[in-house]
There are 2 protein chains.
Amino acid sequence: MYRTHTCGELRLENKDTSVTLSGWVQTVRKFGAITFVDIRDRYGITQLLFGEELNKELEENPLGREFVLQATGTVNERSNKNPNIPTGEIEILVSSFSILNKSAVPPFTIQDDTDGGDDLRMKYRYLDLRRNAVKKNLELRYAVGRAARNYLHNQGFLDIETPFLIKSTPEGARDFVVPSRMNPGQFYALPQSPQTFKQLLMVSGYDRYYQIVKCFRDEDLRADRQPEFTQIDCEMAFVQQEDILNMFEGLIKSIFKDVKGIDYNEAVQRMSWEDATWNYGNDKPDIRFEMKVLNLKKPSTVYTNKQDNAGLINGADFKVFDEAETVVAIAVPGCSEYSRKQTDEITEWVKRPQIGMKGLVFIKVNADGTYKSSVDKFYSEERLKAIADAANAKAGDLVLILAGAEERTRKAISELRLEMGKRLGLRKEDEFKLLWVLDFPLFEFALEDQDGGGAGRWVARHHPFTSPKPDHIEMMISNSPKVDDPEKYLEHPYANIKANAYDMVLNGNEIGGGSIRIFQRELQEKMFAALGMDAEEQQHKFGFLLGAFEYGAPPHGGIAFGFDRLCAILGGSESIRDFIAFPKNNSGRDVMLDAPSAIAAKQFDELQIKLDLK
Amino acid sequence: MYRTHTCGELRLENKDTSVTLSGWVQTVRKFGAITFVDIRDRYGITQLLFGEELNKELEENPLGREFVLQATGTVNERSNKNPNIPTGEIEILVSSFSILNKSAVPPFTIQDDTDGGDDLRMKYRYLDLRRNAVKKNLELRYAVGRAARNYLHNQGFLDIETPFLIKSTPEGARDFVVPSRMNPGQFYALPQSPQTFKQLLMVSGYDRYYQIVKCFRDEDLRADRQPEFTQIDCEMAFVQQEDILNMFEGLIKSIFKDVKGIDYNEAVQRMSWEDATWNYGNDKPDIRFEMKVLNLKKPSTVYTNKQDNAGLINGADFKVFDEAETVVAIAVPGCSEYSRKQTDEITEWVKRPQIGMKGLVFIKVNADGTYKSSVDKFYSEERLKAIADAANAKAGDLVLILAGAEERTRKAISELRLEMGKRLGLRKEDEFKLLWVLDFPLFEFALEDQDGGGAGRWVARHHPFTSPKPDHIEMMISNSPKVDDPEKYLEHPYANIKANAYDMVLNGNEIGGGSIRIFQRELQEKMFAALGMDAEEQQHKFGFLLGAFEYGAPPHGGIAFGFDRLCAILGGSESIRDFIAFPKNNSGRDVMLDAPSAIAAKQFDELQIKLDLK
């Protein structure tokens, strides 16, 4: 037996007990004839005391950092207690020890505040994982998964495994493919999600399904994307949108409770996609703080039912506003006394390439009721007041105004709002605010080619299995998807079809999304056709699903949560990589394994493929 | 809302309640002016009664099998109760209904005893999954997984996800590989198991790890193998073999209890690999019954410490025995009165190509104390008695003797034993007997090439990470693996090295296997070298693991259970396919999806590979 206790469990009440511990050497401190060694394992750190009689043995077998040590001795009350660790009142008076394994000097320190850079830590991930900062992330991840499983179990969901070697049906994202040796010339694909399988399970009558499952997308990797990622994937039959929203806000609340001890008793807010983008500049607003966007000049190609406030800025001969497609503002609370240096700094911030604005207009709503602006020569104080009032600015606030091209400006005001929220401490790490965003458009119109499917066509905003709102099904069935003039696609009825889809947003991050699905063969065919798939392609790619819809498919819908991101947010981090045991870098490489890598000639031979390098 | 209750929950105490049910039409029975409809969902079946006033509506909208129906009405006490189903005392007097979806006539009946053949059921798997017989298998699978997770959670294990896109290091089985678009010319592999990752997690200090995880092997498929399969994968640090055996027989007992309600309180038997093969002809004996093998003439290349009973058969001038490498016998209880027809039938059975024997010798131990044999002219009654006694035959038993080539004959007697056990009802479906098989040889010697690694070399019986028994480590380190004369490999010290490995056997099936691992870099290098890997290949394939062993690797070991098989055995089935939602056929095809399949030219182009069909 290697140990009687872990390095985290001994207390004063264990005094005089004979124990054996095993773990890693954290520190070695010599004090004359005695030596203190801190020994560490997953559960904690315990101080070992090597007395004079053992010191000779220690000198012959010196301990180094990260050596694996087994020590037997008696639990002793410490003279010099350490109140910062749970075992701080005791130490082990060692009677015998054994070095189970030696360690070379690690390339970085195994501490929360390590001296290792990202690359080094990834290469030696097995050492990085020893750090408490990483360990608590993986423990949190386990706790989140466990909480999700418990909730779903109690709600009658079944965890049903779906296959990983499936059929390649690229839609939007690229598939990873796997050559089949037994079927030469043919390939499996790795699933981008179990979407069609969970729908088949609904057709099969398994009316509450879930899975915590790996999914794969061969996309160019942005900072915080991984080629393999994990979803909490769920589907229910005989449900309407309301049933799904209730069930899965329950899931997240249950995770809050189990993992963070948070009682999230308030109702989860709901917001239409249109209101979200209108008021916050994006469809996943952080509602921990207000600072809503004032649309002075509205993005013209998006909103169908919204009135902007162009009258507040028009007619002043200010070309920047007059020529901009879009002008938007936010009122930043309590910042009217920002210095020139400070407003310049924000201006530089919005001019960074990631934001891409040409400049920034501000209005200071001074505490004394006066107004001061960077565009004083175009706007009277009265007009400045009108703008500031429309932006809900109070005395002491600072109104920031951006102007420019539609899409870029909308994104920029959203980023600026988040940035100012962060600077003002309004985005508290320990505050969690959930939000449902609803009523997404069913289609987007691709004016330019996005993925080789051609330009000037409808693409599914969510995915091709999402149902239109019940009221909009007729609009979809009775109209041809054909768009005669791509420039005027907004006039096509399809532009107004809303989806029966929903995203769950947590603190400004989309943590989950789903929809009520199409379950009628005719409507599904109509959807595929709208996306430019002819009957033959439909049959080749999704014949099994269309077939299944012929044999009594029930109404159904579901949702998938991004497990990596959910864990990261709950852990107060922006990076999902810190919450994955063995992540890949931005080139999709595992630098520890050195994968991907070349394979043997025999493997090519058996798979009957060869390289075709450009 | 589509339903207020499921089709399985209404009882007499719900009488007069107004309810809405949704589900599938199982049967429609007309009785004059009224119609009975059985409606089915995951939870059960409920009888609906359509009275006279609704019958007209029913005639206009006739219901067919598998239609999706929503019905509202009042719970009624049945006049004609059905005691066979939980809802059999009630029916719903329908007041209104709605057909949610129609169904074509299914290609086979949705019943336990379906009329659909295997191929048809696989093609329409989404309908096959509706059958109760399949549903209860998937529910059992979920229950087994849940029980495993609960036990492991309570024992402090963490579920940690390991990557699916890893490095190709084929050892034994072939890897499935995945071309990397971002790293042209390079490939990922899908994991055959998370072996090296779980060992790295031990190095990282996560001393109790588990995962229920998909694994992949590109092997030619036998009847009951799948290219993707699921393991309960576990690893522990600071443990010896005894710790592992105790922990994981606890796991299986806990599953027995939670899933089957079985209190498995007896100690799990243990048996050395040598005793298992010696007494049962294979290393995964079904110990629900005795019928041990008598080794009359022992397989000469396997056993180091066993004495056979050649004296019992030698010197009788019976060439079949004299010329055979191996002669083995079993005593089948109570079968001495088998007719000529019956012994002929068994003889034919062992002559089938799957068994491959040339014939069968029998000795009837008659109730009256006489002996009758098919080799009477070679052996006196006295000699027959001696053989029968050695086989532990009692009066009334039938001794069956096989002779032939070593390996084939050993397998044949094992198969014959199982077959006779089955015929005699000794392999009871509801009896579960666990067994640990221990002390496997660490190496096998490949006289012929097995996997392209060359002939005349040592191969790892388990895998290259398995530790020798502590007592045998010195034997391994101090001897060169070189075998001068392949024919005499048994004389090489490596042939006697036993592994610190263990298999768990349930009712004659290996359900799990594992080992204490090597955790010292030098020993691991020695092992790789013994398997024919030079330093460069070691570094290329397993450099990360050897590196990890330099930084304080703790002693560790683990086990992996075949989840699909475990579920099948607990469900009383021989086929794992019945316990997988979407299995593949023997060519590795998913006939429902029609996968694998051709991929698009654009995909080849992006991946920079092309076909090289022979």
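The values are calculated or read from the model by the stated rules, or taken from the named source; none is laboratory data. These numbers come from a predicted model, not from an experiment. Virtual Cβ from ideal backbone geometry, glycine too; neighbours counted across all protein chains shown. We work out accessible area using only protein heavy atoms, side chains counted, and drop any ligands, DNA or RNA first. Shrake-Rupley method; radii C 1.70, N 1.55, O 1.52, S 1.80 Å.
Which ones in the stretch B:307-323 are farther than 12 Å from B:N295 by Cα and either touching a Cys at 6+ places or on another chain (Cβ under 9 Å) or open to solvent by 60 Å² or more (accessible area, probe 1.4 Å) (or both)?
Residues satisfying the conditions are B:N314, B:G315, B:D317, B:K319, B:V320, B:D322, B:E323.
Determine whether the stretch A:53-62 contains at least one residue that is among the hydrophobic types (A, V, I, L, M, F, W, C) and modelled with pLDDT of 95 or more.
No, because not a single residue in the stretch A:53-62 is among the hydrophobic types (A, V, I, L, M, F, W, C) and modelled with pLDDT of 95 or more.
Output the number of the condition that A:F519 fails; it satisfies all remaining conditions of (1) part of a loop (DSSP other than H, G, I, E, B); (2) farther than 17 Å from A:C234 by Cβ.
All conditions pass for A:F519, except number (2).
Residues of the stretch A:356-371 being in contact with a strand residue (DSSP E or B) (Cβ under 9 Å, 6 or more places away or on another chain) and either touching a residue at least 12 places away in the same chain (Cβ under 8 Å) or under 16 Å from A:I313 (Cα atoms) (or both), which ones?
Correct list: A:G356, A:M357, A:K358, A:G359, A:L360, A:V361, A:F362, A:I363, A:K364, A:V365, A:N366, A:Y371.
Sort out which residues of the stretch A:3-30 are part of a loop (DSSP other than H, G, I, E, B) and either open to solvent by 10 Å² or more (accessible area, probe 1.4 Å) or within 14 Å of another protein chain (Cβ to nearest Cβ) (or both), and write them in order of number.
Of everything in the stretch A:3-30, those that are part of a loop (DSSP other than H, G, I, E, B) and either open to solvent by 10 Å² or more (accessible area, probe 1.4 Å) or within 14 Å of another protein chain (Cβ to nearest Cβ) (or both) turn out to be A:R3, A:T4, A:H5, A:T6, A:C7, A:G8, A:E9, A:R11, A:K15, A:D16, A:T17.
Restricting attention to the stretch A:546-562, which residues are facing chain B (nearest Cβ under 9 Å), in a helix (DSSP H, G or I) and in contact (Cβ under 8 Å) with a residue 12 or more places away in the chain?
Across the stretch A:546-562, the qualifying residue is only A:A548.
Name the one entry in A:D218, A:D233 that is at the interface with chain B (Cβ under 10 Å from one of its Cβ atoms) and acidic (D, E).
Sole residue among the options that is at the interface with chain B (Cβ under 10 Å from one of its Cβ atoms) and acidic (D, E): A:D218.
Among the residues of the stretch B:153-174 satisfying the criterion of being modelled with pLDDT under 95 and not basic (K, R), which is nearest to A:N586 (Cα to Cα)?
B:S168
Please indicate, with yes or no, whether at least one residue in the stretch A:96-106 is among the hydroxyl-bearing types (S, T, Y) and surrounded by 14 or more Cβ atoms within 10 Å (Cβ to Cβ).
The answer is yes, given that some residue of the stretch A:96-106 is among the hydroxyl-bearing types (S, T, Y) and surrounded by 14 or more Cβ atoms within 10 Å (Cβ to Cβ).
When you scan the stretch A:192-286 for strands (runs of 3 or more DSSP E) that lie fully inside it, which ones turn up with 3 or more residues that are open to solvent by less than 40 Å² (accessible area, probe 1.4 Å)?
A:208-216, A:228-237
Of the residues B:N84, B:N132, B:N80, B:N150, only one is within 11 Å of chain A (Cβ to nearest Cβ), open to solvent by 20 Å² or more (accessible area, probe 1.4 Å), out of contact with any strand residue (DSSP E or B) (no Cβ under 6 Å at 6 or more places or on another chain) and under 28 Å from B:N14 (Cα atoms); which?
The match here is B:N132.
Considering only residues of the stretch B:597-614 that are within 7 Å of chain A (Cβ to nearest Cβ) and part of a loop (DSSP other than H, G, I, E, B), which is surrounded by the most Cβ atoms within 10 Å (Cβ to Cβ)?
Filtering first and then ranking leaves B:I599.
Which condition number does A:N150 fail, the rest of (1) in a loop (DSSP other than H, G, I, E, B); (2) modelled with pLDDT of 95 or more being met?
Checking A:N150 against (1) in a loop (DSSP other than H, G, I, E, B); (2) modelled with pLDDT of 95 or more, the one that fails is (1).
I need every pair where a residue in the stretch B:425-445 that is under 30 Å from B:G572 (Cβ atoms) has its Cβ under 6 Å from the Cβ of a residue that is open to solvent by 30 Å² or more (accessible area, probe 1.4 Å) and among the hydrophobic types (A, V, I, L, M, F, W, C), sequence separation at least 6 or different chains.
Final answer for the pair search is none.
Is the stretch A:577-584 home to any residue that is in a helix (DSSP H, G or I), more than 7 Å from every other protein chain (Cβ to nearest Cβ), modelled with pLDDT of 95 or more and on the phi < 0 side of the Ramachandran plot?
yes
Conditions tested, residue by residue: (1) surrounded by fewer than 24 Cβ atoms within 10 Å (Cβ to Cβ); (2) of a type in the set (S, T, Y); (3) over 23 Å from the mean Cα position of the chain (by Cα).
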{"site": "B:N507", "(1), (2), (3)": "yes, no, no"}
{"site": "B:I516", "(1), (2), (3)": "no, no, no"}
{"site": "B:F519", "(1), (2), (3)": "no, no, yes"}
{"site": "B:E525", "(1), (2), (3)": "yes, no, yes"}
{"site": "B:A530", "(1), (2), (3)": "yes, no, yes"}
{"site": "B:H540", "(1), (2), (3)": "yes, no, yes"}
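Right, A:A104: under 32 Å from the mean Cα position of the chain (by Cα), within 14 Å of chain B (Cβ to nearest Cβ) and of a type in the set (A, V, I, L, M) or not?
So A:A104 fails the test.
Tell me which residues, restricted to the stretch A:325-370, are open to solvent by 40 Å² or more (accessible area, probe 1.4 Å) and either in contact with a Ser or Thr (Cβ under 8 Å, 6 or more places away or on another chain) or not assigned by TED's automatic domain parsing to the domain that holds A:A395 (or both).
If the condition is that a residue be open to solvent by 40 Å² or more (accessible area, probe 1.4 Å) and either in contact with a Ser or Thr (Cβ under 8 Å, 6 or more places away or on another chain) or not assigned by TED's automatic domain parsing to the domain that holds A:A395 (or both), then A:E325, A:A367 are the ones that fit.
Select from the stretch A:31-60 the residues that are surrounded by 15 or more Cβ atoms within 10 Å (Cβ to Cβ) and touching an Asp or Glu at 6+ places or on another chain (Cβ under 6 Å) and write down the one among them that is nearest to the other protein chains (Cβ to nearest Cβ).
Restricting to residues being surrounded by 15 or more Cβ atoms within 10 Å (Cβ to Cβ) and touching an Asp or Glu at 6+ places or on another chain (Cβ under 6 Å), the top hit is A:R42.
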